[in-house]
Amino acid sequence: MTYTGDVTPGGAPDVRELDRLTVTKLSVGPMDNNAYLLRCTATGEQLLIDAANEAPRLLELVGEGGLATVVTTHQHMDHWVALEEVVAKTGARPLVHADDAEGLPIATEPLHEGDTVPVGDCALQVIHLRGHTPGSIALLYRDPAGIPHLFTGDSLFPGGVGNTHQDPDRFAELIDDVEHKLFDRLPDETWFYPGHGKDSTLGAERPALPQWRARGW
């Protein structure tokens, strides 16, 4: 079946088979958070992006393959409610950007701009995007056999950047980082996977960048 990225809380996951990596997207309640399970096809190693909620469903998704790593995209609670239980039951390494570690329920290993996070034989590049929170990150997978894949947390959605609570300084940080670190560096075909809702591509959103900047959110 063709991957669409359209998932709903309590519904079935959607699976995308890349050449070297399998991406499984699952929505968990009560805030329709997306969690992404990445599996290296060569080694079977798995990584979870955002143990947002509903730990039993996330653990069922992980299955018998085990879980090596959990990356939290940012410090907001709706993205880590299940983190403590998932880590306790799988032994996975919990990772988060150093600037967002405070407030998480367990000790985490720090991430920084430019770090590489392995998923078996594959790798994710850490991109620091200030504004939504101090340590929000995106994770970039450059598929050697296809298009780039970008996991953006709550920093980029179809239709705009993440919430900066009408703070003009935070908005300026976020729109600048999103424009210069994502849109200026990556091609239009880059597919991105946000922390809530549907996916999109950078090409679909690029024409609206001036509008986003002008409206201030």
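Here, each number is a calculation from the coordinates, and none is a lab measurement. As the structure is a computational prediction, the values presented were derived from the model and not from experiment. A quick note on method: Cβ atoms are made from the backbone with ideal geometry, for glycine too, and the neighbour counts reach across all protein chains shown.
A simple count of charges around residue 136, restricted to other residues whose Cβ falls under 11 Å of its Cβ and scoring Lys, Arg +1 and Asp, Glu -1, yields -3.
Highest mean first, what order results for 157-167, 206-216, 63-73, 47-57 on Cβ atoms within 10 Å? Before the final figure, lay out each step's value.
On the way: 157-167: 16.5, 206-216: 12.1, 63-73: 19.7, 47-57: 23.4.
So the order, starting with the most tightly packed, is 47-57, 63-73, 157-167, 206-216.
Put a dot 7 Å past the Cα of residue 217, heading toward its Cβ, do the same for residue 112, and the two dots end up 3.6 nm apart. Among beta bridges identified by DSSP and lying wholly in the chain, the antiparallel ones come to about 70 percent. Principal-axis analysis of the Cα atoms of the chain puts helix 168-177 at an angle of about 70° to the longest axis. For the peptides 168-178, 103-113, 133-143, residues were scored by their other Cβ atoms within 10 Å and the scores averaged per peptide; the highest-first order is 133-143, 168-178, 103-113.
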